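The values are calculated or read from the model by the stated rules, or taken from the named source; none is laboratory data. It should be emphasised that the depicted structure is a prediction, and the values quoted were computed from it without experimental measurement. Glycine gets a Cβ as well: all are built from the backbone with ideal geometry, and neighbour counts include every protein chain shown. Side chains included, ligands, DNA and RNA excluded: accessible areas come from the protein's heavy atoms. Shrake-Rupley method; radii C 1.70, N 1.55, O 1.52, S 1.80 Å.
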Amino acid sequence: MWLRPNRALSRRGLRRLIGGLAALALTTAWLGAWQGNVFAPVFALVECFVLAFALGAAWRAGSRGERIVIGPDTLEVRTMPGHRSRRFQSYWVRVLLAPGNGRHRLLLRSHGDELEIGAFLGEEERVELSTKLMVLLSEVTGQTRR
């Protein structure tokens, strides 16, 4: 199963948004310069670069994700884009929803080892994922889960 954050814009949509905001800022700055504020275009250019950088960084953060593979012996979580991998024994792993910082944390715990998954998901999505993982693990291992 793949876990990915919701992305509102495609790369093309992001470029259009940045271009539209830059056009509005520069148009307003040129009108200000025409009325005597000669520094307005300089500040507008700085604003455009900062805005493009910030929106680009937020958009790139949407490419992270987690891949969860459940087998009869192991549950593996691969974190993207870093390609880190953690393995748990399917029979011993427990799925927990722990309160923390005003939201629930979805944890996988086994033999003292703990891993938070789905931190980028919404609250309802984490609750739904915990239920789904418990059902899948009980089907794979043949045991009832609480």
>> Run the simple label-point estimate for Leu9 and Lys132 please: 7 Å along Cα→C-beta, distance reported in nm.
In response: 2.7 nm
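Need one word for region 88-145: rounded, prolate or oblate. Basis is the Cα gyration tensor (sqrt eigenvalues a ≥ b ≥ c); a/c below 1.5 gives rounded, then a/b vs b/c decides. Could you put the intermediate results ahead of the total?
Working: a/c = 2.57, a/b = 1.51, b/c = 1.70.
Here region 88-145 falls in the oblate category.
Out of the total accessible area of the chain (probe 1.4 Å, heavy atoms of protein only), what percent is carbon and sulfur? Show your work: numbers first, answer last.
Working: 5810 of 9830 Å².
The C+S portion of the solvent-accessible surface of the chain is 59 percent.
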> Say a paramagnetic label sat at a point 7 Å from the Cα of Ala98, along Cα to Cβ; which residues of region 112-136 have their backbone N under 12 Å from it?
Replying inline: 112-117
>> Based on the alpha-carbon set only, what is the convex hull volume of the chain divided per residue, in Å³?
In response: 139 Å³
